[in-house]
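Working notes, structure below.
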Amino acid sequence: MKTLDGKIAWITGGATGVGRQTAQRLARDGARVAISGRREAELEQAVAHLRAEGHDAHAFALDVADAEAVAATAERIAGQMGPVELLVCSAGLNVRQRYWQDLAAVDFAKVTRVNLEGVANCVVAVLPGMRARGSGTVVVVSSWAGRHYLPFAGAAYNASKQGLAGLVDSLNFE
């Protein structure tokens, strides 16, 4: 028996990297997966791969920094697949010009909007339903930079990942 048999899992950043590997693992464990990300071609490729393995997978193009789009995507997932029972927040980014000497304010905002606000947007979109059903799981993928300053990661990335620690602590506490 598969441990996640039929559960609806939403993986942000699910087209590439850690998110894609997570989507594959959850699907192999029996979850029905919804993956989202900004790049439609990669999303479609990831879904095609999952479907070729016989898994129930759906793609939803999304920028998690857009709170309205996140809410609409959560509703689309619920309408097409059922309510999200497992949320994996894996979407994240960094910028090349990440050190203070080169960092532009717009790039700082871009990183924190995706890495930190994007997680909050997704949690806000699914948490009420999870609470109403009395069950659900939220997993937040972070970084060593979430607990310890990493000079090579840059200011915005470090700030966003350390902010996730507080976000997760408050979610667990409540």
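The values are calculated or read from the model by the stated rules, or taken from the named source; none is laboratory data. As the structure is a prediction and not an experimental result, all values here were calculated from the model. Because the Cβ atoms are built from the backbone with ideal geometry, glycine has one as well, and the counts that use them run over all protein chains shown. Each accessible area value is taken on the protein alone, full model and side chains, heavy atoms only, with ligands, DNA and RNA left out. Shrake-Rupley method; radii C 1.70, N 1.55, O 1.52, S 1.80 Å.
Structure notes:
- Residues H58, H49, ordered by accessible area of protein heavy atoms at a 1.4 angstrom probe radius and largest first, appear as H49, H58.
- Positive-end residue of P83, V95, A61, charge dipole of region 43-129 with Cβ unit charges: V95
- Per residue, in Å², the accessible surface of region 1-74 once ligands and nucleic acids are set aside, probe 1.4 Å: 47 Å²
- Per residue, region 76-165 exposes 52 Å² of solvent-accessible protein surface, assessed with a 1.4 angstrom probe and all protein chains in place.
- Helix 118-133 vs. the chain, principal-axis angle (Cα, 0 to 90°, nearest 10): 40 degrees
- Percent accessible area from carbon and sulfur atoms, the chain, protein chains only, probe 1.4 Å: 53 percent
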